[in-house]
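None of the figures in this text is laboratory data; all of them are computed from the coordinates on show. Everything quoted here is computed from the prediction, not taken from an experiment. Here the Cβ is made from the backbone with ideal geometry for all residues, glycine too, and neighbour counts use every protein chain on show.
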Amino acid sequence: MLERMVATLTRRQQGGAVAFSRSTAAPIDTGPVQTIQGQMDALSNRDAMPVLMHYGFSSAMPVGGDKVVGYLNGTRSSPVVIATGHQTYRLTGLATGEVAIYDMWGRSIKMGAAGIAVNCGSVPMTITGNLHVTGAVIAGYGGGDQVGLETHLHVVPEHAGNSSAPIAGT
């Protein structure tokens, strides 16, 4: 269905200022501007289209993603990718006003009315530099093995020696 819509819109825009494209190769992200190849219609691909990104954000779209291509002078000689997306990996279910950053492996940072949720999947989160926390730090939050950094208890031996591991639920 999407292919029919894209084909219809592309036909309407032939020679116009905007086109739709599907990525056909991984982006090249080694120079000052990322470039990408895209299938412009059933018969043609376009190489080395520069990709515009918002300052502070960068991504390398997987092959098969959708692109909106603008033409700087209204002809097909100067394409610039102005928007990208990927239907397979798009994060769904956001409420009005929520914002998220996500990747193709299901990891995400979601900001909403209830707070900020970080989903690392099954890989660890690495923080480089100092971590300053104001508020509680709780491991295993909500579970029976929950341990609070400031509130956890230990069994202290009667004689000299090391205390036990933190007691779950404290």
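Do you know the relative contact order of the chain, to the nearest whole percent, from alpha carbon pairs under 8 angstrom that are 6+ apart?
12
Please give the per residue volume of the convex hull enclosing the alpha carbon atoms of region 22-72, rounded to a whole number of Å³.
Here the figure is 88 Å³ per residue.
Relative to the longest principal axis of the chain, what angle (0 to 90°, nearest 10) does the C-alpha long axis of helix 2-13 take?
Roughly 40 degrees between the two axes.
Taking the simple approach of a point 7 Å from Cα along Cα-to-Cβ for both Tyr89 and Val155, what is their distance in nm?
Output for this residue pair reads 4.8 nm.
With 10 Å bins from zero, work out the P(r) of the chain over every alpha carbon pair and list the percent per bin.
Here the calculated profile for the chain is 8, 24, 25, 16, 11, 9, 5, 2, 0.
Calculate one ³J(HN,Hα) per residue across region 54-62 by plugging θ = phi - 60° into the Karplus curve 6.51 cos²θ - 1.76 cosθ + 1.60, and present them in order as whole Hz with x for glycine and proline.
5, 4, x, 10, 8, 8, 10, 4, x
Going 7 Å from the Cα of Ala114 along its beta-carbon direction, which residues of region 62-100 have the amide nitrogen within less than 16 Å of the resulting point?
92-100
Using the Karplus equation 6.51 cos²θ - 1.76 cosθ + 1.60 (θ = phi - 60°), what ³J(HN,Hα) coupling, rounded to whole Hz, does each residue of region 145-152 give in order, writing x for Gly and Pro?
Karplus values, whole Hz, x for Gly and Pro: 9, 4, 9, x, 4, 8, 10, 5.
Please turn the phi angles of region 126-134 into ³J(HN,Hα) values with the Karplus equation 6.51 cos²θ - 1.76 cosθ + 1.60 (θ = phi - 60°), one per residue in order, whole Hz, x for glycine and proline.
Once θ is set to phi - 60°, the couplings for region 126-134 become 10, 10, 9, x, 7, 10, 10, 10, 10 Hz.
Under 10 Å, Cα contacts only: if you run a Gaussian network model on the chain, which one of Gly74, Gly144, Gly106 comes out with the highest mean-square fluctuation?
Gly144
Mind listing the long-range amide H neighbours of Thr24? Cut-off is under 5 Å, sequence gap 5 or more, other chains count too, H placed in the peptide plane at 1.01 Å from N.
For Thr24, the qualifying residues are Gln37, Gly38, Gln39, Gly64.
In a Debye calculation with equal point scatterers on the alpha-carbon sites of region 30-115 and no solvent, what is log10 I(q)/I(0) at q = 0.19, 0.23, 0.24 Å⁻¹?
For region 30-115, the Cα-only Debye profile gives -0.96, -1.22, -1.28.
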